[in-house]
Amino acid sequence: MSPFVLLLALIVSPDPEGILVEAEEFADLGGWTIDTQFVETMGSPYLIAHGLGHPVAPARTTIRLPKPGKYRVWVRTFDWVARWKAPGAPGRFRVAVAGRELETELGTRGADWEWRDAGVVEADTASVRVELRDQTGFDGRCDALILTRDLEWRPPAAANDPDWRWIIRDRAEPEDGGEYDLVVVGGGVSGTAAAVSAARLGCRVALIQNRPVLGGNGSSEIRVWMKGGTRRGPYPRLGEIVDELSDAATRSPGQGEEFVDDKKEAIVRAEKNLDLFLLHHATGLEREDERITSIIALDIRAGQRKRFRAAVFADCTGHGVLGSLAGADLTVREQDHMGMSNMWRWENAESSQEFPAVPWALDLEMDDFPYPKNFHAEWFWEGGFDHHPIEDLEAIRDWNLRAAFGAFHAMKNKGGREQHRNARLTWLAVIGGNRESRQLLGDVVLTRDDIVAKRAFEDGCVPTTWSIDLHVPNEQYSGEYLKNSPFISRAIFDEVVDRENGYPVPYRCLYSRNVPNLFMAGRCVSVTHEALGTVRVMKTGGMMGEVVGKAASICAKRGVDPRAIYRDHFGELQELMRLPGGSRRSTVDAELVVAESPRWTSEGLARVRGIPVEQIAGIVVDNHRARLVGDWKTSTHETGFVGSEYLHDDRSGKGEKSATFVVRVPKSGRYRLDLSYRASASRDRRVPVSIRTRERTNQITIDQTRPPELAHGFTSLGEVELQAGVPVQVTIGTRGTTGHVIVDAVRAVPAGAASGSGESR
């Protein structure tokens, strides 16, 4: 991590002696964090002092100067709120060299990344320590430093170009990173699943991830819980690898440990065919004709570029970075797109807590944002809807930070002051959770019309079970900022997707139509804006990764490209998609050993999967069709549920909540009504249930600590007389409850009739 002597003579300097120091290469980062989100636009990873208003520990490194003497220090930085002409310069920091703090405070001016003169320092020895000293804890940022003995020298305009750094470092040629069957770029759920899937089927795989942890949006850095149904549809073993990687989160955003970063990394490192490269950022690639021959990745901490060669590549970056570099056909929705979330958490301490004035943050009142109940500011803290999802990405993230800090300031120092004396901010995502940017185009571009019409593609494979969920600005919030830069969203749910069985996404959405050896998985696949609303959730993206990994193994075995899998080898891919997720072979030509997923036995797999509605006797209404009042959470924690998940309320914020199921029977007669729930000691003993027919309303209570008496978790609510086509309403409420209330499904079964296979205990 040593800095490099500059050939300053190349940029017309009379004295070639100087030093370039990349901030992300500091030996001790202290409390500063490496940010790699905006390399495409600002040119480099950098350090950010994200201390939530408390100055972070200094970042330190030792450098060796050409000789003792006076040096002028230049620092690449900016005032991150200056683009909005906001007062206060929150990101202030100073540089110290050899223990001497320079006179210039940095991060105080400039609306864009530029080199700033930090001052002159006298170095008594050649070996000196350099420190970045945060002053505020409010997201100061430093990209790099130059120390030069030519006190009159100024960095040229070209010094903002990352290629300039490689020229002056005299390291234009990357090191050899190795040759693989598959290189996966992006270590979110889709990329991790793709890498594991391919490695288990004998591919030599490199997984390139520009963050220190795996999981992407589903990591401790961003804390979006993984959603979407797995293990269903035409290939019910798809999703087993995803389930191995799944988090333990009970809320989004939850505690960092709930997102099991360590478990994800351990699963990856257990694969002998898989090499993991954390903190490596893909910055370029090499091609022959339309084919990618290698990617160039920057080893962020070592400051060295590496060349990774492969026969096929997978873009799992979310932003379609690899496809963009390769010239893939793509679309970018520049306006009216889904945005970036930066969620946050707070808690009550035992004593009064101070929060400083933030004149640079958004000037918010309590009515300008939804109160973060249960101490969570959730997914809907989202911005950037009408800003370019790539070119404006850093500004979108920074606007979200201003919104979060402005909201917490309103809670602490304005309208919420009395009730929040002890409140303190404990976490705010500095790494954004993105939803939509580039879509790489394949041989099929999936549309909403395809999904609504249930168009059956012969290569349909990955089951998408999430509703078409599109986010738009919430007109109720954002105050004066609503018109131009809203920061709170609402979801528009188009519930045309079969959430039990899923709609099979075609394989032809998972490879590029014009870059012959490029796969993609995750939210950058070949779909329209509307179709993205259903396929973008992480478990669905992870299953795309599983399919890509399996297809890549056929590419390696047969010496073909992704398109040829569909044309000539799709039957072979189908066989692999039917295999348990733990199946493996040592090489692509070795004998295949069929094995269950390391996490689940076949018995446990059937139990955890949930019971498809069509396998249950009677007229079944699952929870996703219930009319909900209040804040209900979905869960798959307990086993044996109906359909894809069940609902639970939250004891920390009861309120008036209800779930109403409407059941219609095709034939008049007497029916038994049943309610399905998951029992445990934490449930409530007197859950109120009302049954409303045309003639009367019955009120009963259910003890959900007791296991239901019928199979599939059903308990009887009693018998009622029903008319054909006339609705009966079953409402489960929370009034008077103190324990958890669970809602799964309601059904009607003809009275006196057998309930069907497996229904009696």
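The values are calculated or read from the model by the stated rules, or taken from the named source; none is laboratory data. This one's a predicted model, so the numbers in the text were calculated from it and none came from an experiment. Every residue, glycine as well, gets a Cβ built from its backbone with ideal geometry; the counts of neighbours run over all protein chains shown.
Numerical summary
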| item | result |
| --- | --- |
| Single match in Ala521, Ala491 (criterion: touching a residue at least 40 places away in the same chain (Cβ under 8 Å), within 20 Å of the chain's Cα centre (by Cα), closer than 24 Å to Trp225 by Cβ and surrounded by fewer than 24 Cβ atoms within 10 Å (Cβ to Cβ)) | Ala491 |
| Residue that is nearest to the chain's Cα centre (by Cα), among those in segment 319-372 that are part of a loop (DSSP other than H, G, I, E, B) and among the hydroxyl-bearing types (Ser, Thr, Tyr) | Tyr371 |
| Flag if Thr731 is of a type outside the set (Gly, Ala, Ser), in contact (Cβ under 8 Å) with a residue 60 or more places away in the chain, exposed (fewer than 13 other Cβ atoms within 10 Å of the Cβ) and in the same structural domain as Lys633 (by TED's automatic domain parsing) | no |
| Some residue of segment 513-528 being at pLDDT below 95 and among the charged types (D, E, K, R) | no |
| Scope segment 447-470; condition assigned to a loop (DSSP other than H, G, I, E, B) and more than 22 Å from Gln574 (Cα to Cα); matching residues | Thr447, Ala453, Trp466, Ser467 |
| Set Gly110, Gly119, Gly91: member being in a loop (DSSP other than H, G, I, E, B), on the phi > 0 side of the Ramachandran plot and not β-branched (Val, Ile, Thr) | Gly110 |
| Qualifying helices (runs of 4 or more DSSP H) (wholly inside segment 175-283; at least 2 residues being charged (D, E, K, R)) | 240-245, 261-269 |
| Members of segment 471-495 that are assigned to a loop (DSSP other than H, G, I, E, B), under 30 Å from Ala453 (Cα atoms) and in contact with a Pro (Cβ under 8 Å, 6 or more places away or on another chain) | Asn474 |
| Residue in segment 209-227 that is more than 14 Å from the chain's Cα centre (by Cα), in contact (Cβ under 8 Å) with a residue 24 or more places away in the chain, assigned by TED's automatic domain parsing to the domain that holds Ile300 and surrounded by 24 or more Cβ atoms within 10 Å (Cβ to Cβ) present | no |
| Segment 515-563: number of residues that are polar (S, T, N, Q) and out of contact with any helix residue (DSSP H, G or I) (no Cβ under 6 Å at 6 or more places or on another chain) | 4 |
| Checklist (1) farther than 30 Å from Val497 by Cβ; (2) modelled with pLDDT under 90; (3) touching a Ser or Thr at 6+ places or on another chain (Cβ under 6 Å) applied to Arg694, failing item | (3) |
| Any chance Lys454 is basic (Lys, Arg) and in contact with an Asp or Glu (Cβ under 7 Å, 6 or more places away or on another chain) | no |
